[in-house]
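Heads up: the structure comes next, in structure tokens.
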């Protein structure tokens, strides 16, 4: 992952961007737990909230893959559907874990 390029695209210094990504990784993990719980309970409103949080944070950082997955889950949940949400959570977790690993390798 090219953090320098992502930082530049957001108008940030790389070290500032890395701090934000670290915060995102932690927050995203928590939001994914909330989203997974919402899916298990069939709670589309909580799913909307959790997916919206992930979508906003990932979008602000230019993390487009996570953004698109969260956006899809949010849109479907707004329509009272959780179809494909479990798979999306798994994929977002994998992306978040990759971010975490990339950060770990840096420092």
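Some points to look at:
- Cβ-Cβ contacts under 8 Å between residues 6 or more apart (or on different chains), taken from a first residue in region 45-64 that is buried (at least 17 other Cβ atoms within 10 Å of the Cβ) to a second residue that is not in a helix (DSSP H, G or I), are listed as 47/82; 61/10.
- Subset tally (residues that are part of a helix (DSSP H, G or I), exposed (fewer than 15 other Cβ atoms within 10 Å of the Cβ) and either more than 11 Å from the chain's Cα centre (by Cα) or in contact (Cβ under 8 Å) with a residue 12 or more places away in the chain (or both)) for region 91-107: 6
- Tally of residues being surrounded by fewer than 15 Cβ atoms within 10 Å (Cβ to Cβ) and assigned to a helix (DSSP H, G or I) across region 1-13: 4
- Looking across region 15-25, the residues that are surrounded by fewer than 14 Cβ atoms within 10 Å (Cβ to Cβ) and in contact with a helix residue (DSSP H, G or I) (Cβ under 9 Å, 6 or more places away or on another chain) come down to 15, 16, 23.
- Hits in region 1-21 (condition: closer than 19 Å to residue 70 by Cβ and at pLDDT 95 or above): 20, 21
The values are calculated or read from the model by the stated rules, or taken from the named source; none is laboratory data. If you're wondering where the values come from, they're calculated on a predicted model, not measured in any experiment. Because the Cβ atoms are built from the backbone with ideal geometry, glycine has one as well, and the counts that use them run over all protein chains shown.
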